[in-house]
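What follows is calculated from the coordinates using simple rules that are stated; it is not laboratory data. These numbers were taken from a predicted model, which means no experiment stands behind them. All Cβ positions, glycine included, derive from the backbone under ideal geometry; neighbour counts span all protein chains shown.
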Amino acid sequence: MSESAREDTQEQAEFRQYCREWLQANKPGEPTVRLPLSPLEIMTEPQMTYLQAWQKSAYDAGLIGCDYAVAVGGGGRSDCQRIANEEMIRARTPYLPNVIGLGMAAPTVYYHGQQALKERLLPRLFSGEDIWCQGFSEPGAGSDLASVQTFAERKGDKWIINGHKVWTSLAHFAEWMILLLRTDKSHKYDGLSYFVVPIRSALGKGVTVRPLIKLTGETGFNEVIFEDLEVDDSYRLDELGRGWQVAMTTLLHERGAGELQTPRAGGMKSKSTHATNTANLIELARNTARGGRPASEDPLIRDRIMQQVIREQGLAQNQRRARVPALQDHPLRLQLQNKLLASEISQDTAALAVEVEGASASLYLGDENAPVGGQWPMAYMNSYGMTIAAGTSEVQRNILGERVLGLAKSK
C-alpha cells in the first residue's frame, strides 16, 4: 500500500486532486543541465537557477509551506504538505533546492523566532528565492557539537561574530545561515546561542566562503569563516544561552523526527538523476553481463539484491507506521531509526551496484561506456556524507540506545 492510500479528509482529497492536475500541467521538462544526485551537491548557477525556478512555481501554486500559517507565507492548511509531497514524488518532479531551508531552518525559525522575523524570512525560504545553509560543524567540533567555538561578543544591540564553520552545504548559494555559536565561554551547553545570519550580503565584509572539493570532484561542501561580522540582536532565536535547545529542534527535523510536532515545509524526496533504490539496482543487474550472462542470473547477486529489497521495504513500512501514533512504542524511535537505516541502506545498495558493474565502475560521469552514465559510483561516494550528516551512524545508535532504550551512557 502506498503512502497516498491513507484515507483523506474531504479537504485533503480535493487538495490531492488539485496537486495532481497542477503537476500534470506544470511539471518541468528535462533540464538543459546535468543535475547532481541531490540538492546538497548543486555546484553551478545554471543548476541552481533551474531548480529555484521549479521551487518558486511549486510554491506559487500552493504545494510548499502548505501547513504553515498564512501570516508567515504558508497555505494555512491542515496536514496537507504530506499530500503535496506524495504527489510530487508520484509525478517524479525535480527535487527542491532549498532542502536545508525547508527541512531545518523553517521549523526552527517557526518555533523559536519572533513573529516579525518569521514573516520576513519564511515566505522567501518557501519560495526558494533565499537559499539557506547550516552553520553547525567546526574543525574541532563535529560529533561533539556542543564544543563549537565560533564566538559572538555583544556590543549594545549588536553581536560581533568570529569563527570557522566546515562541511557547510550550499553556502556558496546561501543568503542565510542558521548558526550555532558561543556567547559565553564559561559554560559548555548554557553558553551556546542560536542566530540566523545573512551571509551572502556580507561576503567580503566579514564572511568568506571557500569550497571543499569532495571525493567525487564536486564542491557542494564549503567552509565559512567569520571575521568581525556584525549582526543585530533581532537575528537571535529564543533566549540567550538556549542555543543547545534550539539546535535540538533543528537536529530532530534533520533526523526526520520533528514532523510529528511541526508543519512540514515541502517535499524532501523527489526525482534525482539516478535514485539509489533496488528497482534501479535490479535494472542494472539485468543489463550488466557477468560471465557471458546477465548479472541478475547469478544466484549470489540475486540473493544479495533480495536482502536489499527486504531492507528497503521494511524501511518503507516503518515510515508508514511512524505516522500512526497508536502503533508507536516510543514517540521518537522510528523517526530516529529511519534516518540511520535509510542512509545505510542507500549506501549498501550503491555499494552492491558498484560491485555488479565491476571494472566499469571506474568510469566517470560523461564516459560513453560508463553504465547508467556513471551515476552509481557517484551515489556510492556521496553516500558517506549521508551516514555522517545529522550525526554519524555511531552517534545515532548512541541516541537510540540512551534516549529510546534507556541504556546507560557509553564511556
- So how strong a dipole does the chain carry about its Cα centre when Lys and Arg Cβ are +1 and Asp and Glu Cβ are -1, to the nearest 20 debye? 520
- Note on the structure: Inverse of <1/r> over all distinct C-alpha pairs of the chain, i.e. the Kirkwood Rh in Å, gives 22.5
- Computed P(r) (all Cα pairs; region 278-404; 10 Å bins; percent): 12, 35, 30, 17, 6, 0
- Query: What residue among L237, S193, S147 has its Cα farthest toward the positive end of the dipole of region 133-242, where the charges are +1 on Lys, Arg and -1 on Asp, Glu, each on the Cβ?
  - Reply: S147
- Likely footprinting exposure, H330, H187, H172, H164, fewest C-beta neighbours within 10 Å first: H187, H330, H164, H172
- Find the eigenvalues of the gyration tensor of the Cα atoms of region 133-242, then list the square roots of 5 times those eigenvalues as equivalent ellipsoid semi-axes, largest first, in whole angstrom. 23, 16, 11
- Which entries of K158/K188; K56/K158; K158/K205; K56/K118; K155/K205; K155/K188 show an alpha-carbon separation above 26 angstrom in the structure shown? K56/K158
- Point-charge dipole on Cβ atoms (K/R +1, D/E -1) for region 16-120, about Cα centre, debye to 20: 120
- Task: Enumerate cysteines in the chain without a disulfide-compatible partner, where compatibility requires another Cys Cβ under 4.7 angstrom.
- Result: C19, C133
- Query: On a 0 to 90 degree scale, rounded to 10, what angle separates helix 45-60 from the longest Cα axis of the chain?
  - Reply: 80
- Please identify every one of the GluC sites (Glu not before Pro) in region 166-263 that sits in a loop by DSSP and has no more than 16 other beta carbons within 10 Å of its own beta carbon. E239
- trypsin sites (Lys or Arg not before Pro) within region 79-145: which are DSSP loop residues with at most 13 other Cβ atoms inside 10 Å? R92
- What is the set of long-range amide H partners of K27 at a cut-off below 5 Å, with H atoms built 1.01 Å from backbone N? none
- Once the dipole of region 278-404 is set up from charges on Cβ (+1 Lys and Arg, -1 Asp and Glu), the residue from the list L365, G385, S343 lying farthest towards its positive end is S343
- Looking only at region 338-369, which residues have a backbone nitrogen under 18 Å from a spot 7 Å from the Cα of D298 in the C-beta direction? 348-363
- Task: Report the charge-dipole magnitude of region 278-404 in Debye, nearest 20, computed about the Cα centre from +1 at each Lys and Arg Cβ and -1 at each Asp and Glu Cβ.
- Result: 580
- Counting sequence-distant residues (5 or more places) and residues on other chains, those with an amide H built under 5 Å from that of T150 are H164, R182
- Task: Rounded to whole Hz and in sequence order, give me ³J(HN,Hα) for region 381-390 from the Karplus expression 6.51 cos²θ - 1.76 cosθ + 1.60, θ = phi - 60°, writing x for Gly and Pro.
- Result: 5, 5, 4, 5, x, 6, 7, 9, 4, 6
- Message: What is the distance in Å between the Cα centroid of region 283-333 and that of region 1-70?
- Response: 26
- Filter the trypsin sites (Lys or Arg not before Pro) in region 153-205 down to the DSSP loop ones having no more than 11 other Cβ atoms within 10 Å, then list what survives. K185, K205
